[in-house]
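Notes to accompany the following structure.
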Amino acid sequence: MTSRVLIKNLSALDDGTVSVSGWVETVRDQKKVQFVVLRDESGAVQLVNPRTTDAEGQVVADEPATSISGLAQGTFVTVTGQLKHDERVKLGGIEIKLATLTVVSAAIPETPIAADSSLDKRMDWRFLDLRNPKQNLIFRIQTTFEHALRTYWIEHDFIELHTPKLMASASESRAELFEVGYFDTKAYLAQSPQFFKQMAQSAGFGKIFEVGPAFRADPSFTSRHATEFTSVDSEISWIDSHDDVMQLHEDLMVAGFTAVKAKHGEEVLALFDVEVTVPSTPFPRIPLAEAKEIVKSRGYEVPRDDDDMDPEGERQIAAYVAEKYGHEFVFLTDYASSIRPFYHMRHEGDASITKSYDLIFNGTEISTGAQREHRIEVLEAQAIEKGLDPKEIEGYLDFFRYGVPSHGGFGMGLARVLMLMLHQASIREVTYLFRGPTRLEP
């Protein structure tokens, strides 16, 4: 590895010789002195190069001055020089007086995107867009958030799984399903790891988690939909109801937000003007039927033909919760069985509602969770009721023929969490490489 100092670590060093590498952000080529702002993956630093003059005071074309004059934005360089602490320097209170400059990789002078470029244009040139410190921070936040979840899971004896993404049959329904050729037959891209999470309960794993890709052939162009996304999933055995799943879910969110606030809170405030708030527990819980009445009392009636909530309804109930409880999260519970999958357990004495929930964060649904039906005869009956042929899901039904504990879990969209945490307008901003109905590149 090339020996270099990360820019973020320079302030802790004594004055003296250092070597740093990064790409050129700006050049100020003045008559007596040149200034270069150099950025690496950790931050930015000012480079200074006093110009050499002859006996008559004329500037001499020497190095590294000549090279600096020809630097284009984005050119990658390695420099050595004298580090100096100077509180008058606005950029971190340090600067480097240049001794040598080596161009590692020159950039084309005219860049294809600018600060005011459209989102689609920036997505076309994503690798350049990601050089922006705000975009860089998003993925450091993502790393911290995932690490916090994984730490919680591991400390609580969960097992991590990596389930297959090629399936012989649909994991949710035949809607929104990508079909792919598979040798002399066909396969489907997994919409979720749902069936395999439940298989782990039958296998006796007890508590599991997975962070991995999922695929939905959804032709939506909304700010919160993608055809490929990262799904955060967890499943646990020996639960009494979906309340146990909600408690796990909120504990994980608290762990994730606590870590992000501690490590990145100041940067988020500086770059996004957003205060990261660690949610208090328990999160508010409102049955869906009651939530619809609350929304109606606020002047909005959900105009759907089915029993589901719509995006505006989610925004309205979130506004109500923010006003009444001062909370960014709310569990909408007890969804109608007519709009839930066949494997969601139904309430005793009222089969019209399920032991399930959606988690709403800042007005948008980020997750669905439920207690699963583990009784084979009930599961088969509910599958038939939903119009499914039990023979098509025979392999899944086999999980329940040899004894399986009560269990439940959730699946959550990672990008939606980041989008709403940072108050961004689209998941495209917080997805490394977005995939949608019209985007397969880069």
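The values are calculated or read from the model by the stated rules, or taken from the named source; none is laboratory data. A quick note: this is a predicted structure, and the numbers were derived from the prediction, not measured. Backbone-built Cβ (ideal geometry, glycine too); neighbour counts: all protein chains shown. Keep in mind that these areas ignore ligands, DNA and RNA; they rest on the heavy atoms of the full protein, side chains included. Shrake-Rupley method; radii C 1.70, N 1.55, O 1.52, S 1.80 Å.
Over the range 75-217, what is the mean sequence separation of C-alpha contacts under 8 Å (at least six apart), divided by residue count, expressed as relative contact order in percent?
In percent, rounded to a whole number, it is 16.
Classify the chain as rounded, prolate or oblate, taking a ≥ b ≥ c as the square roots of the eigenvalues of its Cα gyration tensor: rounded when a/c is under 1.5, otherwise prolate if a/b is larger than b/c and oblate if not.
Cα axes put the chain in the prolate bin.
How far, in degrees from 0 to 90, does helix 311-325 lean away from the longest principal axis of the Cα atoms of the chain, to the nearest 10?
80
Going from most exposed to least, what order do Met421, Met199 have by accessible area with a 1.4 Å probe?
Ranking Met421, Met199 by accessible area, largest first, yields Met199, Met421.
Could you compute the FRET efficiency for Glu312 and Ala106, with r as their C-beta to C-beta distance and R0 at 45 Å, rounded to 0.05?
On the way: r = 51 Å, r/R0 = 1.13.
After rounding, the FRET efficiency stands at 0.35.
Measuring from label point to label point, each 7 Å out along Cα→Cβ, what is the Thr222 to Ile384 span in nm?
Inter-label distance under the simple model: 3.5 nm.
In degrees between 0 and 90, to the nearest 10, how far off the longest principal axis of the chain does helix 242-272 point, with axes built from Cα atoms?
Compared with the principal axis, the helix lies near 10 degrees.
Compute the distance from the alpha-carbon center of the range 3-59 to that of the range 265-310, in whole Å.
48
Stokes-Einstein D for the range 380-438 at 25 °C, 0.890 mPa s, Kirkwood Rh over Cα pairs, in µm²/s?
Diffusion coefficient, whole number: 160 µm²/s.
With label points built 7 Å along Cα→Cβ from the Cα atoms of Asp398 and Ile376, find their separation and express it in nm.
1.2
Dividing the alpha-carbon Rg of the range 227-289 by 2.2 N^0.38 Å yields what?
Dividing the Cα radius of gyration by 2.2 N^0.38 Å gives 1.43.
I'd like to compare 316-323, 399-406, 155-162: which one has the highest average count of other Cβ atoms within 10 Å, and what's the full order after that? Walk me through the intermediate numbers first.
On the way: 316-323: 18.9, 399-406: 14.9, 155-162: 12.9.
The densest-packed peptide leads the list: 316-323, 399-406, 155-162.
Spin-label point model (7 Å from Cα, Cβ direction): what's the Tyr432 to Ser352 distance in nm?
The answer from the label model is 4.7 nm.
Once R0 is set to 56 Å, what does the formula 1/(1 + (r/R0)^6) return for the Cβ-Cβ distance between Ser241 and Phe183, expressed as a FRET efficiency to the nearest 0.05?
Values: r = 44 Å, r/R0 = 0.78.
So the FRET efficiency works out to roughly 0.80.
Between His344 and residues 5 or more places away or on another chain, which pairs have amide H atoms under 5 Å apart, with H built 1.01 Å from N, and which residues are they?
Glu373
Length gain on complete extension for the stretch Arg285 to Ala262, per 0.36 nm per residue less the alpha carbon to alpha carbon distance?
5.6 nm
Does the range 164-286 come out rounded, prolate or oblate, given a ≥ b ≥ c as the square roots of the eigenvalues of its C-alpha gyration tensor, rounded meaning a/c under 1.5 and, failing that, prolate meaning a/b above b/c?
Details: a/c = 2.48, a/b = 1.43, b/c = 1.73.
It comes out oblate by the Cα gyration axes.
Mind listing the phi-derived Karplus ³J(HN,Hα) values for the range 424-436, rounded to whole Hz, using 6.51, -1.76 and 1.60 with θ = phi - 60°, and x for any glycine or proline?
Per-residue couplings from phi come out as 8, 7, 8, 5, 4, 5, 10, 9, 3, 10, 6, 10, x Hz.
Grab the DSSP H runs of the chain that are 4 residues or longer, score each as -39,500 (n - 2.57), total them, divide by all residues and round the 222 nm result to the nearest 500 deg cm²/dmol.
After summing the helix terms and dividing by the residues of the chain, the value is -8500 deg cm²/dmol.
List the pairs from Lys197/Lys296; Lys355/Lys386; Lys32/Lys90; Lys8/Lys134; Lys32/Lys121; Lys207/Lys292 whose alpha-carbon separation is above 27 Å, in the order I gave them. Walk me through the numbers before you get to the answer.
Numbers: Lys197/Lys296 37 Å; Lys355/Lys386 17 Å; Lys32/Lys90 20 Å; Lys8/Lys134 16 Å; Lys32/Lys121 39 Å; Lys207/Lys292 34 Å.
Those over the limit are Lys197/Lys296; Lys32/Lys121; Lys207/Lys292.
Determine the shape class of the range 108-236: with a ≥ b ≥ c the square roots of the Cα gyration tensor eigenvalues, call it rounded for a/c under 1.5, and otherwise prolate if a/b is greater than b/c, oblate otherwise. Don't jump to the answer; show the numbers that get you there.
Details: a/c = 2.93, a/b = 1.43, b/c = 2.04.
Oblate is the answer for the range 108-236, as a/c is 1.5 or above yet b/c matches or exceeds a/b.
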